Amino acid sequence: MTKINVSAQSASESHYDVLIVGGGMVGAAIACGLGNQGIKVAVFDHTEPEPLPENALPELRVSALSSASEEILRQLGAWPHMTEMRMTPYRRMAVWEKLHTPWGKELSSRSNRVMFDARQINQPQLGFIVENRVTQLGLLEAIRSCPSITFISPVSIERIDTSANRPLVELSDGRRFYGDLLVGADGANSRVRQAAGLAMEQRDYEQQCLVATVEIEGGAQDITWQAFTPTGPEAFLPLPDIDGRSYGSIVWYHQPEKVRQLLALSNDALIKELVKTFPAELPKIVQLHERGAFPIARRHVSQYYRPGVVLAGDAAHTINPLAGQGVNLGFQDAAWLIEILVDACRQNENLGSPQVLKRYEKARQADNALMMNVMDGFYHTFSNQSGPLKLFRNAGLALAGKMSPVVNQVMKYAMGLAGKQPKLATGEKL
Ligand SMILES: Cc1cc2nc3c(=O)[nH]c(=O)nc-3n(C[C@H](O)[C@H](O)[C@H](O)COP(=O)(O)OP(=O)(O)OC[C@H]3O[C@@H](n4cnc5c(N)ncnc54)[C@H](O)[C@@H]3O)c2cc1C
């Protein structure tokens, strides 16, 4: 989709209120929210997702979207387009630590299991597993009906200059775009972040994650589960039924060398490994369709902005995906940034001014750091095999599983229903 506004100042030079590099899930959400309020936005992406044929097999990249993300996407006008495509509600979520007998056999009883059930908090579901392409296509559809957004793709960016008064994005075909504000929503290897010289702390985990899409027997599932092991979690996410066949997504965290070996196996050999290793809860796998591996790292910028430039989503932070929170944090970034910029516009403030951008950083930095620390807590706690700690955490899991107020509170937090929310997540008018 290449849509150029007629209001461009000259054939090769244009001015917008906001330039966004990256039209992925987070960048497209920010564009929608600002564009819906009449703010003039240009979005640049070097690729655009292909349309999704109705009976196409499920994509490899999927995300568990929280209720808060659902509401944000609904307010932005993307959700109806997404439900027209496909998504899978999950009503239950189970977590436990895999335990073995002294002679190495996996214990089948799950006394240490914590089960979260949407019915306990009177909700129809805990969230939805959605293919990333579906979310992106839904947002692009919403962007199409918004005249103040110019989405330019595919592009090759020649230069990003954030040193002058107004940030500049120059394309390799010579076109120059100036903005009052430049948003970097260009993912973990953000070029905007580098151009702006925003420093980032990075820590690699000693694990990678193998993701596989499988066809399963037994019909559509409504549960997502995760079993912790010393080498990393083993997880299952339900996917939609397509043409009467059921699917699931397998996520297997392990040391990078083991993930490399697993990736090299034939489909049949990988299925055998999954059956041998994964918990008995794994539905029978009929066929393995696609697999891929993703490195996982904790990254967080120490400052979210400098005058005229701001970062959102993975450009500002990446998190261990073990609780599926990455893009949910990104949508929170998007919703707060939209709210603060719309407000600033109404007050005739400069969108790129440090006073405005500081408000956004204040709304997001501590929250994102907290979620990262919680994920680190899980990672380190479950990687540790010390006897007393193991006993303590399993007793804790068993106890937590029986204490409904604790479970209910955790559920609300995971669904994005706890804590201070941006207006787009509560359905309030901006
Ligand atoms: C294995 C795995 C599982 C995950 N599961 C979940 C989950 O269940 N739930 C969840 O919430 N999160 C999950 N995440 C995290 C989630 O995928 C990311 O947080 C999310 O994709 C970030 O979105 P984004 O829009 O910020 O960045 P990206 O998705 O990386 O999008 C960046 C966009 O910018 C464009 N771009 C980049 N550079 C340029 C450039 N120079 N010029 C033009 N365009 C550019 C790209 O083409 C892309 O469209 C998972 C991550 C992994 C690795």
Members of segment 118-146 found to be over 21 Å from the mean Cα position of the chain (by Cα), touching a residue at least 24 places away in the same chain (Cβ under 8 Å) and surrounded by fewer than 18 Cβ atoms within 10 Å (Cβ to Cβ), listed by number: R119, Q120, I121, Q123, P124, R144, S145
Residues of segment 9-57 satisfying the condition of being within 16 Å of the ligand (Cβ to nearest atom), surrounded by fewer than 16 Cβ atoms within 10 Å (Cβ to Cβ) and small (G, A, S): none
Residue identified as of a type in the set (V, I, T), within 15 Å of the ligand (Cβ to nearest atom) and modelled with pLDDT of 95 or more among I250, I271: I250
Boolean, L341 is within 16 Å of the ligand (Cβ to nearest atom), at pLDDT 95 or above, closer than 24 Å to Q136 by Cβ and of a type outside the set (S, T, N, Q): no
Any helices (runs of 4 or more DSSP H) falling wholly within segment 16-86 and containing at least 2 residues that are aliphatic (A, V, I, L, M) and over 25 Å from T213 (Cβ atoms): 25-35, 67-75
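Can you tell me which residue in segment 285-318 is farthest from the chain's Cα centre (by Cα), limited to those that are among the aliphatic types (A, V, I, L, M) and surrounded by fewer than 24 Cβ atoms within 10 Å (Cβ to Cβ)?
Only one residue tops the list, namely V286.
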Output for segment 158-208, where each listed residue is farther than 29 Å from D376 by Cα, touching a residue at least 24 places away in the same chain (Cβ under 8 Å) and part of a strand (DSSP E or B): I160, D161, V169, L171, R176, F177, Y178, G179, D180, L181, L182
Candidate set: segment 240-280, residues that are closer than 30 Å to E54 by Cβ and among the acidic types (D, E); chosen: the one surrounded by the fewest Cβ atoms within 10 Å (Cβ to Cβ): D243
Residues of segment 58-67 satisfying the condition of being more than 11 Å from the ligand (Cβ to nearest atom) and at pLDDT 95 or above: P58, E59
Odd one out for N55, checked against (1) touching a strand residue (DSSP E or B) at 6+ places or on another chain (Cβ under 7 Å); (2) at pLDDT below 95; (3) over 28 Å from Q221 (Cα atoms): (3)
Check on V211, out of contact with any helix residue (DSSP H, G or I) (no Cβ under 8 Å at 6 or more places or on another chain) and not in a strand (DSSP E or B): no
Qualifying residue in segment 195-213 (condition: more than 10 Å from the ligand (Cβ to nearest atom), of a type outside the set (F, W, Y), more than 26 Å from Q332 (Cβ to Cβ) and at pLDDT below 95): yes
Residues satisfying the stated conditions in segment 135-154, i.e. closer than 24 Å to R86 by Cβ, touching a Phe, Trp or Tyr at 6+ places or on another chain (Cβ under 9 Å) and not in a helix (DSSP H, G or I): F151, S153
Among (1) within 30 Å of R306 (Cβ to Cβ); (2) more than 16 Å from the ligand (Cβ to nearest atom); (3) modelled with pLDDT of 90 or more; (4) surrounded by fewer than 22 Cβ atoms within 10 Å (Cβ to Cβ), the one test that E84 misses: (1)
Filter result (over 22 Å from A425 (Cβ atoms) and either of a type in the set (A, V, I, L, M) or in contact (Cβ under 8 Å) with a residue 40 or more places away in the chain (or both)) within segment 55-84: N55, A56, L57, P58, E59, L60, R61
Any hit, segment 320-337, residues being in a helix (DSSP H, G or I), away from the ligand (no atom under 13 Å from the Cβ) and surrounded by 24 or more Cβ atoms within 10 Å (Cβ to Cβ): yes
Hits in segment 176-200 (condition: over 16 Å from V26 (Cα atoms) and surrounded by fewer than 18 Cβ atoms within 10 Å (Cβ to Cβ)): R176, Q194, G197, A199
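The values are calculated or read from the model by the stated rules, or taken from the named source; none is laboratory data. Note that the structure is a prediction, hence the values are computed from the model and not measured. For neighbour counting, all protein chains shown are included, and Cβ atoms are generated from backbone atoms with ideal geometry for every residue, glycine included.
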